[in-house]
Amino acid sequence: MKGEKKNTRPVSADTVVVLDFETTGLSPDLGERPIEVGAVLLEAGRIIDRFQSLMNPGKRINSFIEGYTGISNAMVRKAPPCAEVMAEFAQFIQAHNLVAHNASFDQKFLDAEFGRINCQRQGDFACSMLISRRIYPDAPNHQLGTLVGYKRLKSDGIFHRALADAEMAAHLWVALLGDIENRYRISRIPFPVMRKLARTPKASADPWLWQYSRSHADVKAKP
DNA sequence: TGCCAGGCCCTCTTTAGGGCCTT
């Protein structure tokens, strides 16, 4: 698929790229590589562009990953190499801020692959999983698929494929923003505040958000 | 041959251990 069109959307406070990697394993430090990347560009809570590509990791995919993702060695054999795909992906994400579910995982792989092609990430990462743990403490668990069901979010029923997971994470991100803004009566919560929320100790996240709400009363009232 | 990550978060904690989450 790649980008539906060349992404020239200007970076703004209202744009964020939600991304997901499928990989050969858990850690690039152990030589694992991506086999697929999927991402969507959100603008003011709406998906306005998509990116998806398989890539050839230059190593065999083990049977667990083949079963887990449905991505086979035969599928990636004819795919472009990681370096080519990641160079295109860098054009897609530009300097937009980034979101992923368990972002530390995707950040590791993105930075490792960008390092291989001498490319530098400009946007900051926020983690929908860490924020979900703070905003949805009563969810059965905080796996992406569970949260999609818990919040009755849109899903095409495909899991563990990069674009499908990125789209679900995007819907979750929009739900988080809406629920925080409604619960704490904040008109628009900035991306840096979401990043700070993810790093706020879980037990103090609720009072911290109320404090933030009170200190930003000038933007509290919704039209 | 067998094993391999790492940050977060809770608790039977803090001089630690184990589950969660990502593939």
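Oblate is the label for the range A:109-201. Its Cα gyration tensor axes, ordered a ≥ b ≥ c, give a/c of at least 1.5 and b/c at or above a/b.
Projecting the Cα positions of A:Gln122, A:Gln94, A:Cys82 onto the charge dipole of the range A:53-149 (unit charges on Cβ atoms of Lys, Arg, Asp and Glu, taken about the Cα centre) puts A:Cys82 furthest along the positive direction. Farthest toward the positive end of the dipole of chain A, out of A:Leu26, A:Trp208, A:Trp173, is the Cα of A:Trp208, where the dipole comes from beta carbon charges about the Cα centre.
With respect to the cross-link table entries A:Lys59/A:Lys108; A:Lys108/A:Lys151; A:Lys151/A:Lys202, which display a Cα-Cα separation exceeding 23 Å?
Over 23 Å apart, Cα to Cα: A:Lys108/A:Lys151.
The charge dipole of the range A:16-215, taken about its Cα centre with unit charges on the Cβ of Lys, Arg, Asp and Glu (plus for the first two, minus for the last two), comes to roughly 520 debye. Taking Cβ atoms as reference points and 9 Å as the exclusive limit, the residues near A:Cys82 contribute a net charge of 0, counting Lys and Arg as +1 and Asp and Glu as -1.
Protection proxy ranking for A:66-72, A:108-114, using the average of other Cβ atoms within 10 Å per residue and placing the highest first: A:108-114, A:66-72.
Whole number please: convex hull volume per residue of the Cα set in the range A:1-76, in Å³? If you can, show how the numbers build up before the last one.
On the way: hull volume 8.9 nm³, N = 76.
Enclosed volume per residue, from the Cα hull, is 117 Å³.
Here the range A:134-223 is treated with +1 on each Lys and Arg Cβ and -1 on each Asp and Glu Cβ, and its dipole about the Cα centre works out to around 300 debye. Normalising by residue count, the range A:16-215 has a Cα convex hull of 122 Å³ per residue. Inter-label distance, A:Ser187 to A:Asp14: 1.4 nm, where each label sits 7 Å from its Cα along the C-beta direction.
A short reminder: the numbers here are calculations on the coordinates, not readings from a lab. Predicted, not measured: the structure shown is a model, and the values here were computed from it. All Cβ positions, glycine included, derive from the backbone under ideal geometry; neighbour counts span all protein chains shown.
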